[in-house]
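The structure under discussion appears below in the form of structure tokens.
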Amino acid sequence: MYTAQGVLLSEKSNWHTSFGKYENPCLVCEYYGHGFKDCPNILPEFMGSCLRCWSADHEVKNCTFQKRSIPFQKEYMTPEELKIMRRII
């Protein structure tokens, strides 16, 4: 199972529940096991960008730009969509 094209859902570290230092889900993709600064489900060129407008020159707390949709990797599925897909298969 994949969360996005080429992003394997780890069987070793369950991305559906908290574990280790990741007590809360990623602010971007809602999976556990990583933080928003290293989210494997967003396009690599947007790593470390503002979480509101996805520009690289400021942080969300200083953002005055219009909110843009999250630049997810191709074929990204939310955790809920993945759960539904797993029930079908």
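For S10, the stated conditions hold: it is of a type in the set (G, A, S), over 12 Å from the mean Cα position of the chain (by Cα) and at pLDDT below 85. Run K83 past the list (1) over 17 Å from S10 (Cβ atoms); (2) of a type in the set (K, R); (3) surrounded by 10 or more Cβ atoms within 10 Å (Cβ to Cβ) and report the number of the one that doesn't hold. Among (1) over 17 Å from S10 (Cβ atoms); (2) of a type in the set (K, R); (3) surrounded by 10 or more Cβ atoms within 10 Å (Cβ to Cβ), K83 violates only (1). Taking first residues from region 70-89 that are touching a residue at least 60 places away in the same chain (Cβ under 8 Å) and partners that are assigned to a helix (DSSP H, G or I) and surrounded by fewer than 16 Cβ atoms within 10 Å (Cβ to Cβ), the Cβ contacts under 8 Å between residues at least 6 apart in sequence or on separate chains come to M77/M85. Within region 48-81, being in a loop (DSSP other than H, G, I, E, B), in contact with an Asp or Glu (Cβ under 7 Å, 6 or more places away or on another chain) and within 20 Å of Q5 (Cβ to Cβ) holds for one residue alone: T78. Residues in region 44-75 that are within 15 Å of L27 (Cα to Cα) and in contact with a strand residue (DSSP E or B) (Cβ under 8 Å, 6 or more places away or on another chain) were compared, and the one that is surrounded by the most Cβ atoms within 10 Å (Cβ to Cβ) is F72.
The values are calculated or read from the model by the stated rules, or taken from the named source; none is laboratory data. Since this is a predicted model, take the numbers as computed values, not measurements. Cβ coordinates were reconstructed from backbone atoms using ideal geometry, including for glycine residues, and neighbour counts include every protein chain displayed.
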